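Worksheet: one structure, shown below.
The values are calculated or read from the model by the stated rules, or taken from the named source; none is laboratory data. This is a predicted model, so every value here is computed, not measured. Methodologically, a virtual Cβ is constructed for each residue, glycine included, from the backbone with ideal geometry; neighbour enumeration extends over all protein chains shown. With ligands, DNA and RNA removed, areas are computed over all heavy atoms of the protein, side chains included. Shrake-Rupley method; radii C 1.70, N 1.55, O 1.52, S 1.80 Å.
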Amino acid sequence: MNPAFPAIRWAVALAFFANGVVIGAWAPQIPALMERLDLTESRLGLLILIFGLGALVAMPWCGGLIARHGSRRPLAGFAVLVPLALPAVVLAPGFASAGLVMFCFGAVIGGMDVAMNANAVAVERKLDRAIMSSSHGFWSLGGFAGAAAGGALLQSYGSFVQAIAVAAVSAAVIAAMLVWSLRDLPARSTERSSTRWPLTPLPYLLGLAALFGMIPEGAVLDWAALYLQRELGSSVAAASLAFAGFSGAMAVMRFSGDAIRNRFGAVATMRVSCLVAGFGLIGAGLSPDASLAIAFFALAGLGIANVVPIAFSAAGNQPGLAAGVGMSVATTMGYSGILVAPSAIGFIGERTGFAPIFVALALVLFALAALSRVVATADRQKVIA
């Protein structure tokens, strides 16, 4: 192994990649599931909501498990179930069974999400350097691979073959991850005494920071293309470039983010990231034409890329608080907003247009930049085990 990229670092990368592959491959399954079960849009929306609820139930529970056992055992427990998710969805015979499967799907994905982020924090401590941003970069890479290859497989061979192929690939990646993953120690007794949600405000401020990073990402994903089409008069093909530019810039910056954070520190990186993202969203909201808006969305992607990884690193490094508990607070708060924000943004945008929404989200990021000192513990990598 390369000393700059040791086995435990590869293991974290593989965990994020496998999780991203399954989520990416799920995206092209959605219309197929809708057609197979003859679902209306409202019923499909309910299934997606059930998926999110499963994740929100599992995340705090996983945080407690990590506090008692360390991150590796919960990571292994949730990860070995993830490859089963897509085949189970494909085999669900009706709406009720699909709802149960989607709840379990969300639970294993959400539990793995908390555990792999907590394991990334443990590896940061072991290596005494930041790795969280590039770990999320591997998730983005896995999501791209799962969506692209999974979509091609589904079109050529059908839903079941695609699900089995994705299961086989993700299982192989997870098996390699488990061989190399860091076996970190459980929380110290002074930290383990509280595995419930903490009473101090800082973990919730970090959860709010994660939320503020996830909502703009979801807004661009769900509504940027519609904004370019309806308000700036772009073609369908051009409108698709809004999120493509945003996500491509975000992936590139996530692979660069650790070096930037190691050089300048978490607080400065967070502050500049929020300012860049905010100016990008303001530019996109005020752009007179689609081409300029696409460029500004890409600028926003560069900024937003490191907001959530830094918030997660800080959440996992709270003094006197087990890493899994802090991580579960941040992930639960962050992902809970993703459940509510898309529909709320759509409701408001239908009445005001989407340009004011992107400007308003920029102001939220500017507020987070002013509060960037809350992520100072992200640089607290050396601790006594």
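Among residues of the stretch 285-306 being out of contact with any Phe, Trp or Tyr (no Cβ under 8 Å at 6 or more places or on another chain) and not in a helix (DSSP H, G or I), the one that is surrounded by the fewest Cβ atoms within 10 Å (Cβ to Cβ) is 288. Answer yes or no as to whether residue 15 is under 15 Å from the mean Cα position of the chain (by Cα), open to solvent by less than 10 Å² (accessible area, probe 1.4 Å) and at pLDDT 90 or above. Against the criterion (under 15 Å from the mean Cα position of the chain (by Cα), open to solvent by less than 10 Å² (accessible area, probe 1.4 Å) and at pLDDT 90 or above), residue 15 qualifies. Selection of the stretch 200-226 for residues being open to solvent by 40 Å² or more (accessible area, probe 1.4 Å) and either in contact with a helix residue (DSSP H, G or I) (Cβ under 7 Å, 6 or more places away or on another chain) or small (Gly, Ala, Ser) (or both) yields 202, 204, 205, 208, 212, 217, 221, 222, 223.
Considered as a group, the residues in the stretch 19-33 that are touching a helix residue (DSSP H, G or I) at 6+ places or on another chain (Cβ under 6 Å) and either modelled with pLDDT under 85 or small (Gly, Ala, Ser) (or both) include one that is farthest from residue 107 (Cα to Cα), and that residue is 32. Summed over the stretch 350-380, the residues that are surrounded by fewer than 15 Cβ atoms within 10 Å (Cβ to Cβ) and in contact with a Ser or Thr (Cβ under 8 Å, 6 or more places away or on another chain) give a count of 0.
Where in the stretch 57-130 are the helices (runs of 4 or more DSSP H), entirely inside, with at least 2 residues that are open to solvent by less than 10 Å² (accessible area, probe 1.4 Å) and farther than 26 Å from residue 318 by Cβ? Of the helices (runs of 4 or more DSSP H) lying wholly inside the stretch 57-130, those with at least 2 residues that are open to solvent by less than 10 Å² (accessible area, probe 1.4 Å) and farther than 26 Å from residue 318 by Cβ span 85-91, 95-127.
For the residues 71, 97, the requirement of being closer than 29 Å to residue 255 by Cβ and polar (S, T, N, Q) singles out 71.
When residue 182 is tested against (1) part of a helix (DSSP H, G or I); (2) modelled with pLDDT of 80 or more; (3) within 25 Å of the chain's Cα centre (by Cα); (4) among the hydrophobic types (A, V, I, L, M, F, W, C), exactly one condition is not met: (1).
If you go through the stretch 27-41 and keep only what is more than 15 Å from the chain's Cα centre (by Cα) and either touching a residue at least 12 places away in the same chain (Cβ under 8 Å) or open to solvent by less than 30 Å² (accessible area, probe 1.4 Å) (or both), you end up with 28, 29, 30, 32, 33, 36, 37, 39. I want to confirm something. Restricting to the stretch 60-88 and keeping residues that are among the β-branched types (Val, Ile, Thr) and at pLDDT 95 or above, which single residue is farthest from residue 33 (Cα to Cα)? Step by step, filter the stretch 60-88, then rank; the result is 80.
Among the numbered criteria (1) under 14 Å from residue 203 (Cα atoms); (2) more than 23 Å from the chain's Cα centre (by Cα), which one does residue 316 miss? Every listed condition holds for residue 316 apart from (2). For residue 337, only one of the following conditions fails: (1) touching a helix residue (DSSP H, G or I) at 6+ places or on another chain (Cβ under 6 Å); (2) at pLDDT 80 or above; (3) farther than 19 Å from residue 284 by Cβ. What is its number? In the conditions (1) touching a helix residue (DSSP H, G or I) at 6+ places or on another chain (Cβ under 6 Å); (2) at pLDDT 80 or above; (3) farther than 19 Å from residue 284 by Cβ, residue 337 misses (2) alone. Considering 44, 49, the condition of being in contact with a helix residue (DSSP H, G or I) (Cβ under 9 Å, 6 or more places away or on another chain) and open to solvent by less than 40 Å² (accessible area, probe 1.4 Å) is satisfied by 44 alone. Residues in the stretch 277-284: is at least one within 29 Å of residue 111 (Cβ to Cβ), aromatic (Phe, Trp, Tyr) and either in contact (Cβ under 8 Å) with a residue 60 or more places away in the chain or not in a helix (DSSP H, G or I) (or both)? No; the residues of the stretch 277-284 include none that is within 29 Å of residue 111 (Cβ to Cβ), aromatic (Phe, Trp, Tyr) and either in contact (Cβ under 8 Å) with a residue 60 or more places away in the chain or not in a helix (DSSP H, G or I) (or both).
Being in a helix (DSSP H, G or I) and surrounded by fewer than 16 Cβ atoms within 10 Å (Cβ to Cβ) is the filter here, so list the residues in the stretch 139-163 that pass it.
Passing the criteria: 148, 152, 155, 156, 157, 160, 161.
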